[in-house]
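The values are calculated or read from the model by the stated rules, or taken from the named source; none is laboratory data. Keep in mind it's a predicted model, so treat the numbers as computed, not measured. Every residue, glycine among them, receives a Cβ derived from its backbone with ideal geometry; neighbour counts consider all protein chains shown. Each accessible area value is taken on the protein alone, full model and side chains, heavy atoms only, with ligands, DNA and RNA left out. Shrake-Rupley method; radii C 1.70, N 1.55, O 1.52, S 1.80 Å.
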Amino acid sequence: MYSAKKSNFLTADPVNAGFSIAAGEAKSRGLEVDIAGSLTDDLTLSASYAYTGAFVSKPAADFNFGNPLPAGAPLINIPKHSGTLLLMRDIHVADATWSVGGSINYVGERLGETGVPAALPVFNLPSYTLLNLVGS
């Protein structure tokens, strides 16, 4: 489990591209779990999971539009759930050892914008899953 606090973090200024604004203070709390081990002499498995709750802890204002970022508002682009599963196998050929495997990476839904008035719908970025092949 962890807890982190950051003061005067910067966010992108939606009106002036290339500029940033200080958005106050933010906190994140969560849990990370990593498990790795050998299933056989030639087969290894790694798994990780993260739960993150990241939010504004000191109210700030979006100075361009005047919309508030109240305490407790979620931070942009941080998923609550994410995880990875990696399976690797060693293949022995003559005097060489080759490793091959695959992984699955999952990133959950996350906030796509901040400072939205309560009367408007919130834009969320969708969750996604990546499949990867690995070889060395």
Which of the chymotrypsin sites (Phe, Trp or Tyr not before Pro) across the range 23-111 are loop residues per DSSP, with 13 or fewer other Cβ within 10 Å? 63, 65
Full-stretch length increase - residue 122, residue 92 - with 0.36 nm per residue and alpha-carbon distance subtracted: 5.5 nm
Virtual paramagnetic centre 7 Å along Cα→Cβ of residue 136, amide N under 20 Å, in the range 22-60: 34-48
Rounded to the nearest 10 Å², what accessible area does residue 114 have for a 1.4 Å probe in the complete protein model? 60
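Please work out the FRET efficiency for the pair residue 85 and residue 41, using the Cβ-Cβ distance as r and a Förster radius of 25 Å; give the result to the nearest 0.05.
Working: r = 20 Å, r/R0 = 0.82.
Result of the calculation: an efficiency of 0.75.
For residue 19 and residue 58, calculate 0.36 nm times their separation in residues minus their Cα-Cα distance, and state this gained length in nm to one decimal.
Values: separation 39, 0.36 × 39 = 14.04 nm, distance 2.15 nm.
Full extension of this stretch gives 11.9 nm more.
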